[in-house]
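The values are calculated or read from the model by the stated rules, or taken from the named source; none is laboratory data. Since we're looking at a predicted model, the values are computed, not measured. As a convention, Cβ positions derive from the backbone with ideal geometry for all residues, glycine included, and neighbour counts pool all protein chains shown. Accessible surface areas use protein heavy atoms only, side chains included; no ligands, DNA or RNA. Shrake-Rupley method; radii C 1.70, N 1.55, O 1.52, S 1.80 Å.
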Amino acid sequence: MPDSPDPLDSLVEKRSIDVVPDAERHGTAFSQFTLWLGANLQITAVVTGALAVVFGAGAFWAIIALLIGNLLGGAVMALHSAQGPRLGLPQMISSRAQFGVRGAIVPLLLVIVMYVGFFASGSVLAGQAVGELTRLGDTTGIILFALVTAVAAAVGYRLIHTLGRIAGVICALAFVYLGIRLLDRTDLAILLHDRTFDFPLFLLAVSLSASWQLAFGPYVADYSRYLPRTTSARATFSWTLAGTVLGSQWSMTFGALAAAAAGHAFVGHEVSYIVGLGGGAALITSLLYFVIALGKLTINVLNTYGGFMSMVTSVSGFRGRATLSPRGRAAYIAGIMVAGTAVALLGKDSFLSSFKDFLLFLLTFFTPWSAINLVDYYAIAKERYDIPALSDPDGRYGAWRWKALSTYALGVLAQLPFLSTAFYTGPFVAPLGGADISWLVGLTVPAAVYWLLAHNDTAHVPTHMILTPQPPEDRPYATEPG
């Protein structure tokens, strides 16, 4: 008798960093709207919006600045999303076309660290909600939340999109209710009365929301790569942009208004303040704790799944394997869960505020990557990649591509004078009134430099998209990858 099928084979996503075949493609571009709406209707986005007011901006100008930042950062993020259907690959593996099959590990290592950190910070806030909901306390709540996150990430792509659709509906209804309750407590006209314009504070608020969106860049195509290859790039871009901007702006606007109403009492007590808006009824309180946990679950699953993809991409650049068994997949995800949970438990009382500054510092290393990736894909390669060569260090992309690596290093260094964190502040921050515009520098400088260095170096660019391995005589490998 044939062996009975392993239940995991029918439940868990089979693909990892290998290209998704056309026969397995499914869905429509609208799925990107529901996913990113649900991912952004959550408490950390609320806190980000509140910070713009806590730092000194009036709610009126803070909300406008947050919208500008969400649109600018969201456009960059959505351009990455549009690569998914065309390539059928996770986001970071496409970096090999710019950095080389092994050189791509440079940004990848930092991506992994950041997503472990985001897992930890999200687990702390969600763990508080789970702990209150179950009456088991914060520590147990963090552990339970981390376990559920890991299981959902291990199941994979379909469950992640389903979770996004569910969270989008439930969290949207909850935010409508919370908005009504907030405005019952205070007059909207009073909250928006202060129209004093302070350009540095305005710029700071723009940077907060733009940085929020840019953090999605290293994994956004992971969630569009199963769309049919015929899916319009414009549709993928537009639905991704609409979902991420609507969700984040909704959350951040609520946060800005809540901070304007509550002042400093909101920050540091976000969970209790939001639950307190419910009015104190036991059922409403429990539902709001559930909504907070659900919103964080959606984004933490994305962080875990993206971290898993980045780890596999890093290892495969040296080992050459692009496929994983379900158990191998579970082992990678368990590693992320254990590391993230350990950080969350260590930092749940005092360390996490400093750690969040460290995570924001890591964003410095993402914007140059984003600029190089987008310039190469859209302006130099013109959406033509040799997919099999992305796994071959002896192929057309080589092991290390020094033009991209040196541009990346320059892009990181160029941001330092404009960077503002708790442990480092650049010399140009004070003249800008404390605003951190490093993300603008990190996008524009590497984009311009990489274009100047690489736009005439197209020997490695195929004449058309190559999806399957070519015969040896048809492989125009670059002898000195640049």
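Structure above, values below:
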| read-out | value |
| --- | --- |
| Candidates ARG165, ARG181 - the one that is in a helix (DSSP H, G or I), under 24 Å from the mean Cα position of the chain (by Cα) and among the basic types (Lys, Arg) | ARG165 |
| Test result for GLY217, in contact with a Ser or Thr (Cβ under 6 Å, 6 or more places away or on another chain), among the small types (Gly, Ala, Ser), within 25 Å of THR364 (Cβ to Cβ) and buried (at least 23 other Cβ atoms within 10 Å of the Cβ) | yes |
| Unique match (being closer than 19 Å to GLY69 by Cβ, hydrophobic (A, V, I, L, M, F, W, C) and either in a helix (DSSP H, G or I) or modelled with pLDDT under 95 (or both)) among VAL461, VAL449, VAL441 | VAL441 |
| Criterion: open to solvent by 10 Å² or more (accessible area, probe 1.4 Å), out of contact with any Gly (no Cβ under 8 Å at 6 or more places or on another chain) and modelled with pLDDT under 90 - qualifying residue of VAL106, VAL130 | VAL106 |
| Sole exception among (1) in contact (Cβ under 8 Å) with a residue 60 or more places away in the chain; (2) open to solvent by less than 20 Å² (accessible area, probe 1.4 Å); (3) not polar (S, T, N, Q) for GLY141, by number | (1) |
| Candidate set: the stretch 262-280, residues that are at pLDDT 80 or above and out of contact with any Leu (no Cβ under 6 Å at 6 or more places or on another chain); chosen: the one most open to solvent (accessible area, probe 1.4 Å) | SER272 |
| Inter-residue pairs, beta-carbon under 8 Å, first within 14 Å of LEU346 (Cα to Cα) and in the stretch 102-123, second in a loop (DSSP other than H, G, I, E, B) and of a type in the set (Phe, Trp, Tyr), 6+ apart | none |
| Subset tally (residues that are of a type in the set (S, T, N, Q) and either over 21 Å from the mean Cα position of the chain (by Cα) or surrounded by fewer than 16 Cβ atoms within 10 Å (Cβ to Cβ) (or both)) for the stretch 11-38 | 1 |
| Those residues of the stretch 222-251 which are under 16 Å from PRO90 (Cβ atoms) and aliphatic (A, V, I, L, M), in sequence order | LEU227 |
| Positions within the stretch 388-442 being in contact (Cβ under 8 Å) with a residue 24 or more places away in the chain, among the hydrophobic types (A, V, I, L, M, F, W, C), over 27 Å from ASN456 (Cβ atoms) and open to solvent by 40 Å² or more (accessible area, probe 1.4 Å), in sequence order | LEU416, ALA422, PHE423, LEU432 |
| Answer from THR231, THR196 - the residue that is of a type in the set (Val, Ile, Thr), part of a loop (DSSP other than H, G, I, E, B) and open to solvent by 50 Å² or more (accessible area, probe 1.4 Å) | THR196 |
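Yes/no per residue for (1) open to solvent by less than 10 Å² (accessible area, probe 1.4 Å); (2) modelled with pLDDT of 90 or more; (3) touching a helix residue (DSSP H, G or I) at 6+ places or on another chain (Cβ under 8 Å); (4) in a helix (DSSP H, G or I):
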{"site": "GLY335", "(1), (2), (3), (4)": "no, no, yes, yes"}
{"site": "THR341", "(1), (2), (3), (4)": "no, no, yes, yes"}
{"site": "ALA344", "(1), (2), (3), (4)": "yes, no, yes, yes"}
{"site": "LEU362", "(1), (2), (3), (4)": "yes, no, yes, yes"}
{"site": "PRO368", "(1), (2), (3), (4)": "yes, yes, yes, yes"}
{"site": "TYR378", "(1), (2), (3), (4)": "no, yes, yes, yes"}
{"site": "LYS382", "(1), (2), (3), (4)": "no, yes, no, no"}
